[in-house]
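Down below is the structure, laid out as C-alpha cells.
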C-alpha cells in the first residue's frame, strides 16, 4: 500500500512540475506577428502601395514606430517614406514586429 501511495505522490509531483513548465511564458522575446503573416502583409503593402505603420523592436521594452509608404531597400531592408514629413527611413526586416495598415483610420 505504501508503494502505491509513494508512486502516486511521485507521479503527481511530476505532473505538477510539467504543468508549471508548460505554463511558464518566456518574457525575454516580445510577441510579434508570425513571420509568414508579417512577410505577406509587407508584400501586400509593397505591391498595393498601402500606407502602413511599422512597429519595430528595440532594446528594452520600448517600441519605435515608422509610418509611410514602403519601397524595397538593399538586402533585407525596407525604405519607409513619410510624404507629409519628407522623411525616408530604413527598417531592417528583423526589427519589424507588427505591420499596421493606416488606410482605415
With the 8 Å Cα cutoff and a minimum separation of six or more residues, the chain has a relative contact order in percent of 24 percent
Can you tell me the orientation of helix 35-48 relative to the chain, as the angle in degrees between its alpha-carbon axis and the longest Cα principal axis, to the nearest 10?
10 degrees
Rank 52, 24, 90 by mean-square fluctuation in a GNM of the chain with C-alpha springs under 10 angstrom and give only the top-ranked residue.
24
Relative to the compact-globule scaling 2.2 N^0.38 Å, provide the ratio for the alpha-carbon radius of gyration of segment 35-101.
1.02
Among 20, 48, 57, whose mean-square fluctuation peaks in a Gaussian network model of the chain (Cα, cutoff 10 Å)?
20
Would you mind checking the tilt of helix 2-23 against the longest principal axis of the Cα atoms of the chain, expressed as 0 to 90 degrees and rounded to 10?
10 degrees
Residue separation times 0.36 nm, minus the C-alpha to C-alpha distance between residue 64 and residue 100: what's the value?
11.6 nm
Most fluctuating of 45, 64, 91 in the GNM of the chain (C-alpha, under 10 Å) is 64
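Readers should treat all values here as calculations from the given coordinates under stated rules, not as data from a laboratory. These numbers were taken from a predicted model, which means no experiment stands behind them.
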